[in-house]
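Where a number appears in this text, it was derived from the coordinates with a stated rule and is not lab data. Just so we're clear, the structure is a prediction, and the values are computed from it rather than from any experiment. Note: ideal-geometry Cβ built from the backbone for every residue, glycine included; neighbour counts use all protein chains shown.
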Amino acid sequence: MTAHTGKVTPFEPPPAARESLQGHYAGFASRFASFALDLVVLSGIFLLVLAAINFAASVLTGNSIHFSRGNTWVVVAYAVWAFIYFAHFWGLNGKTPGGALFGVQVVTNDGDDVSGRRAIGRTLAFPLSFLILCLGFLGILLGDQRRALHDVIAGTVVIYCWDARAARLRLLSRPRYSAPHAPPESHSLPGSPGQAD
Amino acid sequence: MDPLARLRTVGDRLAPPTEALAQAIAERVIGLVIGALDLNALLAEIDLNAVLEQVDLDQVLDRVDVNQVLDQADLDSLLARVDIERILDRVDVNSLLDRVDVNRLLATVDVNRLLSTVDVTALIGRVDMDQVLQQVDVNEVIGKVDLDAVIDRVDMNAVLQRVDLEALVEQTDLGSIIAKSSGGVASDLVDAVRSRTVGIDESIARWVARLRRRPYTGPPGPPAGLRAPVAS
């Protein structure tokens, strides 16, 4: 909309961020974005490892190894790597790299840290939510605790782990954002998504 | 025939004139005595106080029907003849009040009933508060106040909740202090990304709630047993 008017509107935090969301059940978009980022990260690392193996093989043997999606070993290795990736981070502190960026964390129903066993169980149950035509994720949209099928199986919930109100205050304290220190035209926060609108 | 009967007849015949003669003599003698007496001198020699001390006034008063006396008295005319002002002038009010137990008197007064009849608003309206306040040494009053005790009774959390922190950060140097103490562009970017994602979360949740025809009151949670806020 700003592209039509030619004016840049400052990024305005959502009304929900007026309160600290810390501890509240995370919504679908945050969880999906977190998972998508994790997928990118773990896939990138996997591809880097495959490329490294290919490079090493070509150096050592003179023949490059051609990896493809049809290769069973590649699929199995990818699944194992994904399992290790998620189980490790969830068992470590409940946060994968994607979760850390988007401020979501896996905890038990009671709000305790997830144990290693529970993290493994959640990781194993995670594919089930996909295998039933993604219906396992409906609980995030419809449930009072926003729990997916694998959350119910593992006895976990996903919560926001960042202080939205503190972030909002930080944002408002920026000289180029706060009103008394800058003219109205330059209120936008550089690098914020609001500029792209 | 009784020999004394003749004598008794003569006596009966002589008794009335003799009694009249004696009566006349007695009155004459009394008149002469009273005329000869100096009553003032006689009364002067009587110690009336000693006489009165011997009189049991309580017993006398017990025999007096006061109500009957009062009924017969014309109090109005009596009071009309009394000079009240003169009596009051002779009364030492201070000594009278010294003999009054004010506390005991006040104990018998129903203060609430008394105050219920007082128009406090009108009373206050007649008070010149400016004049009253001018006579008050505020510094002295404050000096007597235990500020620590007052502050202890203040719920600071409740006070802080009434503070518009966002306006405070935006309009004061507190904002620049926070800006200097917090991270740079990277943390701003993370905050912005998270805030934007939360905004999408809220939009989706509101949309779903509308489809389900349920009111949406914000993100649910946290878990009942969440022990402490989780650090990001």
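With only Cα atoms counted, chain B has Rg and Dmax values of 52.7, 169 Å. Restricting the GluC sites (Glu not before Pro) of segment B:8-104 to loop positions (DSSP other than H, G, I, E, B) with no more than 15 neighbouring Cβ atoms within 10 Å leaves B:Glu45. Remark: A:Ser58, A:Ser20 ranked as A:Ser58, A:Ser20, counting other beta-carbon atoms within 10 Å and listing the fewest first. Modelled label positions at B:Leu39 and B:Ala20, each set 7 Å beyond Cα in the direction of Cβ, lie 3.1 nm from each other.
In plain terms, the bigger the Kirkwood radius, the slower the diffusion; for segment A:22-141, with that radius from Cα pairs, at 37 °C and 0.692 mPa s, Stokes-Einstein puts D at 205 µm²/s.
Residue separation of B:Val102 and B:Gln68 scaled by 0.36 nm, minus their Cα-Cα distance, works out to 8.7 nm of gained length.
Net length available on complete extension from B:Val60 to B:Val109 is 14.0 nm, with 0.36 nm assigned per residue and the Cα-Cα distance removed.
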